[in-house]
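The values are calculated or read from the model by the stated rules, or taken from the named source; none is laboratory data. Remember, predicted model here, so these are calculated numbers, not experimental data. Ideal geometry is used to build each Cβ from the backbone, glycine not excepted, and the neighbour counts take in all protein chains shown.
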Amino acid sequence: MRSTDDRYRSEQARHELALRLIGHEARTGTIRQLTGLSDDRIRRLYGSYFKHQPGNPVRRRRGRTPSQVASFLKTPRHRRHAATLAAAFVAGGLFDPDTRAVRGDSQLDTGLRLCLAYERYLSLHGGRAGALLTIEWAWALLGNLQSGDELALEVCDVCDAHHVRDLLSLESQQCPTCLVAPPGPTRAQRDSTSVTAPANAR
Ligand SMILES: [Zn+2]
């Protein structure tokens with residue numbers, strides 16, 4: 001009985017994650033990878049829950065997940081969005097910047113953390129209307145950060161914010177957060193000038 005309950009809960013969790021990913025317009029291949037559901041099942045979920053809804057704003061995206069990483073970083077605005085996403089990956093326990101490991105007890109758990117991080121990103125950029133990066137770009141960004149071949153997650157010396165660096169670019173890449181705020185002293189300068197007040201100072 002217990003194993004039947006567990007199976008039901010697992011099935012329910014896969015179903016709910018698939019609906020959440022469809023709502024974010026993830027591609028069928030990505031949903032399959034994260035939920036283990038078949039393409040046919042995903043198609044039927046979309047048909048049952050989204051397709052015939054009046055004013056349905058959710059589109060089904062086909063084809064491959066984007067792999068051209070340069071578009072993450074083509075403008076300062078894109079770099080700020082990539083930085084917010086990457087920071088949400090770290091804050092949500094999806095990505096460990098020290099080991100470059102993608103976290104999750106299972107693909108399902110990874111998928112859930114991806115949705116939470118993406119929803120955090122959306123909330124910080126005014127919802128879907130203000131978001132430059134789709135959930136497919138988020139998934140591709142995560143894969144790129146994990147492989148470490150082209151992109152790296154770094155912490156700015158000045159503002160301590162995360163930002164994504166293009167490892168193949170020869171151009172200087174200023175932290176996107178510092179670009180919109182006046183630069184302050186670097187971490188090393190702050191450390192060297194910080195003075196501890198004597199305990200008995202008045
Ligand atoms: Zn900075």
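For His125, are the conditions met, namely being surrounded by 14 or more Cβ atoms within 10 Å (Cβ to Cβ) and within 16 Å of the ligand (Cβ to nearest atom)?
Values: surrounded by 14 or more Cβ atoms within 10 Å (Cβ to Cβ): yes; within 16 Å of the ligand (Cβ to nearest atom): no.
Judged against the criteria, His125 is not a match.
Give the range 156-171 a look and list any residue that's without any contact (Cβ under 8 Å) to a residue 24 or more places away in the chain and either farther than 17 Å from Thr84 by Cα or surrounded by fewer than 18 Cβ atoms within 10 Å (Cβ to Cβ) (or both), or say none. Full working, then the answer.
Here is the first cut: in the range 156-171, the residues without any contact (Cβ under 8 Å) to a residue 24 or more places away in the chain are 156, 165, 167-168, 170-171.
Answer for the range 156-171, where residues must be without any contact (Cβ under 8 Å) to a residue 24 or more places away in the chain and either farther than 17 Å from Thr84 by Cα or surrounded by fewer than 18 Cβ atoms within 10 Å (Cβ to Cβ) (or both): Arg165, Leu167, Leu168, Leu170, Glu171.
Look through the range 58-78, keep the residues that are farther than 18 Å from Gln146 by Cβ and among the polar types (S, T, N, Q), and return whichever of them is modelled with the highest pLDDT.
Thr75
Among the numbered criteria (1) farther than 25 Å from Gly29 by Cβ; (2) touching a Pro at 6+ places or on another chain (Cβ under 6 Å), which single criterion is violated by Ala140?
Result: Ala140 fails condition (1) only.
Rundown of residues vs (1) assigned by TED's automatic domain parsing to the domain that holds Asp105; (2) at pLDDT below 90; (3) outside any helix (DSSP H, G or I); (4) touching an Asp or Glu at 6+ places or on another chain (Cβ under 7 Å), yes/no style:
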| position | (1), (2), (3), (4) |
| --- | --- |
| Ala18 | no, no, no, no |
| Leu21 | no, no, no, no |
| Glu25 | no, no, yes, no |
| Ile31 | no, no, no, no |
| Leu34 | no, no, no, no |
| Asn56 | no, yes, yes, no |
| Thr84 | yes, no, no, no |
| Phe89 | yes, no, no, no |
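Being under 14 Å from Phe89 (Cβ atoms) and within 16 Å of the ligand (Cβ to nearest atom) is the filter here; which residues of the range 132-160 pass it?
The answer is Ala152, Leu153, Glu154, Val155.
How about the range 161-179: which of its residues are of a type in the set (A, V, I, L, M, F, W, C), assigned to a loop (DSSP other than H, G, I, E, B) and away from the ligand (no atom under 11 Å from the Cβ)? Outline the logic, then answer.
Of all residues in the range 161-179, those of a type in the set (A, V, I, L, M, F, W, C) come to 161, 164, 167-168, 170, 175, 178-179.
Next cut, assigned to a loop (DSSP other than H, G, I, E, B) only: 161, 167-168, 170, 175.
The answer is Leu167, Leu168, Leu170.
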